[in-house]
Amino acid sequence: MKTRLFLIFCFLFLSIKISSQSGIYEIARHGCIEDLQYVLNNNSDAINYKNSSGFTPLILASYHGNVKVATLLAKHVENINVNSDSGTALMAAVFKNNIEITKMLLDLGADTNISDSNGTTALHYATRLSNEELIKLLVAFGADINLKDDKGFSSWDFALQNNNESILKLLKN
């Protein structure tokens with residue numbers, strides 16, 4: 001009897017958590033496709049909400065490297081390019097050096113030239129992190145190497161600061 005009550009309690013707790021708006025953010029961070037599918041079936045608008053920090057579930061899934069959830073979200077959100085003060089889902093994936101999510105977002109139409117509240121673009125992050133693979137990918141998808149952040153620095157400037165010859169060559173060509 002106690003086991004049955006415990007299981008019922010757990011089921012109710014999980015159902016409430018998943019169906020609540022805050023549940024979508026936990027799913028984005030650490031959840032699974034089944035949990036996300038449940039939300040999509042019951043409240044599909046929840047995937048487009050921003051939390052109190054301005055992050056969407058897609059931004060959080062991209063930042064936390066939750067590939068399967070990020071992919072499903074990216075295919076269903078109203079706008080893949082939603083921008084928080086800290087940037088877009090693409091910027092979150094680049095900032096975490098996540099090639100797989102970055103490529104998926106680009107394939108689904110993520111804009112490489114959107115900037116965050118500091119004027120920083122995904123290419124700026126990739127250059128600061130000296131990630132040549134991400135730089136190649138972003139440039140191939142149209143990232144503007146001449147865009148400057150709010151302090152007047154371009155990706156070229158970041159590569160110069162890092163004294164990274166191979167990235168300077170990439171940006172030059």
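So the values come out like this:
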| item | result |
| --- | --- |
| Some residue of the stretch 105-128 being surrounded by 15 or more Cβ atoms within 10 Å (Cβ to Cβ) and either on the phi > 0 side of the Ramachandran plot or free of Cβ contacts under 8 Å to residues at least 12 places away in the same chain (or both) | no |
| Conditions (1) in contact with a helix residue (DSSP H, G or I) (Cβ under 6 Å, 6 or more places away or on another chain); (2) outside any helix (DSSP H, G or I); (3) farther than 27 Å from THR71 by Cα: number failed by ALA110 | (3) |
| Failed criterion for SER44 (all others in (1) of a type in the set (Ser, Thr, Tyr); (2) closer than 23 Å to ASN164 by Cα; (3) surrounded by fewer than 19 Cβ atoms within 10 Å (Cβ to Cβ) hold) | (2) |
| Test: residue in the stretch 110-130 that is outside the structural domain of ASP149 (by TED's automatic domain parsing), among the β-branched types (Val, Ile, Thr) and closer than 23 Å to ASN163 by Cβ | no |
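The values are calculated or read from the model by the stated rules, or taken from the named source; none is laboratory data. Note that the structure is predicted; figures quoted are calculated from it, not measured. When we count neighbours, we look across all protein chains shown, and the Cβ atoms used for this are built from the backbone with ideal geometry, even at glycine.
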